[in-house]
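Participant: Pasting in a structure now, in structure tokens, and then I'll have a few things to ask.
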Amino acid sequence: EPEVTQTPSHQVTQMGQEVILRCVPISNHLYFYWYRQILGQKVEFLVSFYNNEISEKSEIFDDQFSVERPDGSNFTLKIRSTKLEDSAMYFCASSEGRASDTQYFGPGTRLTVL
Amino acid sequence: QQQVKQSPQSLIVQKGGIPIINCAYENTAFDYFPWYQQFPGKGPALLIAIRPDVSEKKEGRFTISFNKSAKQFSLHIMDSQPGDSATYFCAASKAGNQFYFGTGTSLTVIP
């Protein structure tokens, strides 16, 4: 069964450093998403991406964040200058299309900012 | 404003019991209501989902009940098993846009 994959599984970085989290969505999917989950809290939406542009973003997704689909398979989330409060699990998700609605989540990347 | 409210925060049942998790939503434009199951250290996995044109959907031991007028929906797990112990999140979305997740329910099924 096709699945969303994410790398790395755990990333440790120093405050102020840039990090790039990588995702490979399911191959025939057209919509891509990033969510985050601070330890013990609910999953929060960051951004959705379709046709090489951001279609929706939340208040959390400020100028420190950016997304990119650098090639036909990868989808990345970049945090330019990490803060302590960026420590969280980051989940990538993808869906086949608007009509299908179902979003499939990857296993997540645990980001720890020291 | 919390778009989706979920209760209870935690739930403990005996094996074979029927845990019920409730969610309420604010936005009447929501048209898709999934439930996700999450094990520690893993990503959320879709369990079952419903649209507002039906009042109930059943898949295996999992049933969603949906009350459009009350803007509420709930997950029932029949014949619960220790392997069902996980965190359950309800969510809501409109037209394939972002999911608004509930705060999660930690379910423990005691053997």
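The values are calculated or read from the model by the stated rules, or taken from the named source; none is laboratory data. Computed from a predicted structure; not experimentally measured. In this analysis, Cβ positions are derived from the backbone assuming ideal geometry, glycine residues included, and neighbour counts consider all displayed protein chains. All accessible areas refer to the heavy atoms of the entire protein, side chains included, with ligands and DNA or RNA removed. Shrake-Rupley method; radii C 1.70, N 1.55, O 1.52, S 1.80 Å.
Participant: Sort A:Asp101, B:Asp53, A:Asp71 by accessible area with a 1.4 Å probe, largest first. Don't jump to the answer; show the numbers that get you there.
Facilitator: Values: A:Asp101 5, B:Asp53 130, A:Asp71 70 Å².
The most accessible residue leads, giving B:Asp53, A:Asp71, A:Asp101.
Participant: While we're looking at this one, here's another question. Let's see if you can work this out: charge +1 on each Lys and Arg Cβ, -1 on each Asp and Glu Cβ, no other charges. What is the dipole magnitude of the protein assembly as shown about its Cα centre, in debye to the nearest 20? Could you put the intermediate results ahead of the total?
Facilitator: Values: 20 positive and 22 negative charges, 88 e Å.
Approximately 420 debye in magnitude.
Participant: To the nearest 10 square angstrom, how much accessible area does B:Ile48 have with a 1.4 angstrom probe?
Facilitator: 0 Å²
Participant: By accessible area of protein heavy atoms, probe 1.4 Å, what ranking do B:Lys94, B:Lys58 get, highest first? Don't jump to the answer; show the numbers that get you there.
Facilitator: Working: B:Lys94 80, B:Lys58 135 Å².
Descending accessible area places them as B:Lys58, B:Lys94.
Participant: Could you report chain A's accessible area per residue, 1.4 Å probe, as an integer in Å²? Can you show the working numbers first?
Facilitator: On the way: 5750 Å² over 114 residues.
Per residue, chain A has 50 Å² of solvent-accessible surface.
Participant: Could you point to the residue in B:Leu75, A:Pro107, A:Ile60 farthest towards the positive end of the protein assembly as shown's charge dipole, with +1 and -1 charges on the Cβ of Lys/Arg and Asp/Glu respectively?
Facilitator: B:Leu75
Participant: I'd like the mean, over residues of B:98-109, of how many other protein chain beta carbons sit within 10 Å of each residue's own Cβ. Show your work: numbers first, answer last.
Facilitator: Details: counts 12, 10, 4, 7, 2, 4, 5, 0, 1, 0, 0, 0.
Rounded to a whole number, the mean comes out at 4.
Participant: With a 1.4 Å probe on protein heavy atoms only, work out how much accessible surface A and B bury together, total over both chains, in Å² to the nearest 100.
Facilitator: Working: alone 6560 and 5960 Å², together 10880 Å².
Counting protein atoms only, the buried area is about 1600 Å².
Participant: With +1 on the Cβ of every Lys and Arg and -1 on the Cβ of every Asp and Glu, and nothing else charged, how large is the dipole of the range A:1-72 about its Cα centre, in debye rounded to the nearest 20?
Facilitator: Values: 5 positive and 11 negative charges, 36 e Å.
It comes to approximately 180 debye.
Participant: Sort the following peptides by mean Cβ neighbour count (other Cβ atoms within 10 Å, averaged over residues), highest first: B:14-25, A:85-96.
Facilitator: Values: B:14-25: 16.3, A:85-96: 21.5.
Result, highest mean first: A:85-96, B:14-25.
Participant: Can you order the peptides A:45-55, B:31-41 by their average number of other Cβ atoms within 10 Å per residue, highest first? Please report the intermediate quantities before stating the final value.
Facilitator: Numbers: A:45-55: 16.2, B:31-41: 17.9.
Those peptides, ordered most packed to least, come out B:31-41, A:45-55.
Participant: Taking 20 °C and 1.002 mPa s as the conditions, I'd like the Stokes-Einstein D for the range B:1-92 in µm²/s, using the Kirkwood hydrodynamic radius from alpha carbon pairs. Each step should come with its number before you reach the end.
Facilitator: Details: Rh = 13.5 Å.
The estimated diffusion coefficient comes to 158 µm²/s.
Participant: B:Arg51: accessible area at probe 1.4 Å, nearest 10 Å²?
Facilitator: About 80 Å², ignoring ligands and nucleic acids.
Participant: Then there's this: Taking all protein chains as present, what is the carbon and sulfur share of the accessible area of chain A, in % to the nearest whole number, probe 1.4 Å? Let's see the in-between values first.
Facilitator: Values: 2630 of 5750 Å².
So the carbon and sulfur contribution to the accessible surface is 46 percent.
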